[in-house]
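The values are calculated or read from the model by the stated rules, or taken from the named source; none is laboratory data. These numbers come from a predicted model, not from an experiment. All Cβ positions, glycine included, derive from the backbone under ideal geometry; neighbour counts span all protein chains shown.
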Amino acid sequence: MIAQGQRLKKLAQEIHGFQKPENDQDQNHRHYLAEASQFLRQVDDPLDVLRFLDKLLRSPFTKRQKQKRALTDIGQWLFKQLIRAPHIDKNDLTYDLAWLQRLAVIRSAEAMGKSSGSTSATPAKYQPTDFQREIEAVEKRRQKLLSEISANRKNPIPRPKKRVAPSRLPTRLEVVFADIKAARDARKNAIKREKQGKSKKTNWLKLQPVDDLFSTLATGLSCTFETKGCDTIFAEMAEKGGAVRSFWVNGLRKDGDRLIVENITLD
C-alpha cells in the first residue's frame, strides 16, 4: 500500500472528482460506498464488488439520475483501481473504501458550509448503463498477466554461471584497506613520531581484495607507509573529504605469513 499520508491525499483528490450532487446532498455516494464496503467483506475477489455495482446500476430500484451518477462514480473509481492492480489486496481496497465514505461526508459538509440555498449538480459525465465493458477489461488484464507469468516460467531468465575461484592472483589486484580506521590512526601516529624526531616504526596495513573471489588467495595481503604509492592513496582520500576508495596493487611477494605489496596505484 502507498504510504498512508500520500494515499489519503490521493483519495481526497479522487473524491473531488466525483460528480457534485444537487443541493450538495451526497447521500447516494455515501450509501453506495457503504454498500460496496459491506459486499467486499463477504467476498474474496474485489472484482465481485464491481459485478455487484453492475447489478445495482441495472436494477429497477436504481432509476433516479442522481443514484446512477453516484454508482457511475464509484464503479469507475473501482475499475481504475482494478485495472491498475488487477489482483489488488482486499485489505487495501477495504481501507480505501472506508476512507472514501469519510471523505464523502467531509465534502458534503464543506459544500454546505460554503453555500446556501440550491446549487446545481455537476453536468453528467460518461454515463454507462452497466459495467460489463469494465469487468471484461479487468478480466482480460488478469489473463494477460497470468499468461506473462506462465511464459516467464517456461522461458526463465538464464542465471549467470557460478564463478569459480582462480588458482592464482592476477598481476594487478584491486583492493581496499581492511580496517580504514586502524590505517588512519597508524598514519597519524607515524606523522607524530616523525615530528617528534623519533625513528620510523614499520606499520603493516592489512589490505583486502574488492572481489571476494580472491580473498583466500590474498590472505596476509599487506603494505606499509613506505610502500611506493601509499602516500598517494591517503592524499587522495583527504582531498575527497575522507571518502574511502579502492586502489590497485602489484608486485606481490610472499614473506612468511604476509603477502607484501611492492607498488600501489590509484587506477
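Please pick out the residue among 177, 131 that is surrounded by 12 or more Cβ atoms within 10 Å (Cβ to Cβ), under 30 Å from residue 53 (Cα atoms) and either of a type in the set (Val, Ile, Thr) or in contact (Cβ under 8 Å) with a residue 24 or more places away in the chain (or both).
Unique residue meeting the criteria: 131.
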Practice task
Inspect segment 149-168 for any residue being under 29 Å from residue 230 (Cβ atoms) and at pLDDT 90 or above and give the result as yes or no.
Solution key: yes
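The rows are residues; the columns are (1) buried (at least 20 other Cβ atoms within 10 Å of the Cβ); (2) over 25 Å from residue 106 (Cβ atoms); (3) touching a residue at least 40 places away in the same chain (Cβ under 8 Å); (4) among the β-branched types (Val, Ile, Thr).
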| residue | (1), (2), (3), (4) |
| --- | --- |
| 64 | no, no, no, no |
| 69 | yes, no, yes, no |
| 80 | no, no, no, no |
| 88 | no, no, yes, yes |
Problem - Residue count, segment 186-206 (criterion: farther than 22 Å from residue 261 by Cβ and either touching a residue at least 40 places away in the same chain (Cβ under 8 Å) or aliphatic (A, V, I, L, M) (or both)) - result: 0
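Going through segment 135-156 one residue at a time, which ones are of a type outside the set (A, V, I, L, M, F, W, C) and farther than 28 Å from residue 54 by Cβ? Spell out the reasoning first.
So in segment 135-156, the residues of a type outside the set (A, V, I, L, M, F, W, C) come out as 136, 139-144, 147-148, 150, 152-156.
Those that are of a type outside the set (A, V, I, L, M, F, W, C) and farther than 28 Å from residue 54 by Cβ: 150, 152, 153, 154, 155, 156.
Here's the yes/no breakdown for (1) touching a strand residue (DSSP E or B) at 6+ places or on another chain (Cβ under 9 Å); (2) outside any loop (DSSP other than H, G, I, E, B); (3) farther than 24 Å from residue 218 by Cβ:
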| site | (1), (2), (3) |
| --- | --- |
| 167 | no, no, no |
| 176 | yes, yes, no |
| 188 | no, yes, yes |
| 192 | no, yes, yes |
| 199 | no, no, yes |
| 202 | no, no, no |
